């Protein structure tokens with residue numbers, strides 16, 4: 001009886017964890033599963049990341065998110081915590097801790113890619129990730145899908161679909177933010 005109960009509890013917890021933030025239909029054809037994403041972070045930024053001199057939205061600005069990386073993000077009210085000039089990459093990677101390949105993950109910035117600080121990486125380039133947005137991301141081998149020189153924002157937001165506030169979310173690009 002104890003093993004059956006443990007299996008039932010494990011199954012329920014697994015279903016809950018996988019459904020909590022993996023609205024794949026919102027990813028417009030991408031294969032992103034954010035069930036293991038660290039929604040809230042410490043707010044620490046990678047070494048060498050430069051603060052944007054003239055961002056469209058300064059820290060403290062109230063904005064609306066137009067990103068659809070995760071369920072509840074699109075249309076969410078947010079507060080800009082930081083604005084940084086960098087290159088943002090869409091990547092495919094296989095988690096370093098095993099698991100299914102993640103396709104079209106948005107965003108990993110140049111400063112979160114090992115040995116990439118002084119290089120612009122082209123689609124197809126093979127890299128090692130230093131980012132830890134998701135379990136198994138740090139140290140994972142990845143392939144660059146696309147890149148965008150832009151201002152990226154760290155934001156606090158409450159999902160438009162309801163739920164707990166996300167603090168210091170990394171990253172949304174300038175075109176994924178609009179004035180409130």
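The values are calculated or read from the model by the stated rules, or taken from the named source; none is laboratory data. Quick caveat: nothing in here was measured; it's all calculated off a predicted structure. Cβ atoms come from the backbone with ideal geometry, glycine included; neighbour counts cover every protein chain shown.
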statement: Within the range 127-168, restricting to residues that are at positive phi and out of contact with any helix residue (DSSP H, G or I) (no Cβ under 8 Å at 6 or more places or on another chain), the one that is surrounded by the most Cβ atoms within 10 Å (Cβ to Cβ) is 168
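Is the range 99-111 home to any residue that is more than 16 Å from the chain's Cα centre (by Cα) and over 24 Å from residue 153 (Cβ atoms)?
Filtering the range 99-111 down to residues more than 16 Å from the chain's Cα centre (by Cα) leaves 99-100.
Restricting the remaining residues to those that are over 24 Å from residue 153 (Cβ atoms) gives 99-100.
For the range 99-111, residues more than 16 Å from the chain's Cα centre (by Cα) and over 24 Å from residue 153 (Cβ atoms): present.
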task: Could you tell me whether the range 103-117 includes any residue that is buried (at least 18 other Cβ atoms within 10 Å of the Cβ), in a loop (DSSP other than H, G, I, E, B) and at pLDDT 95 or above?
output: no
- request: From (1) farther than 14 Å from residue 175 by Cα; (2) at pLDDT 95 or above; (3) in a loop (DSSP other than H, G, I, E, B), pick out the condition that doesn't hold for residue 90.
  value: (3)
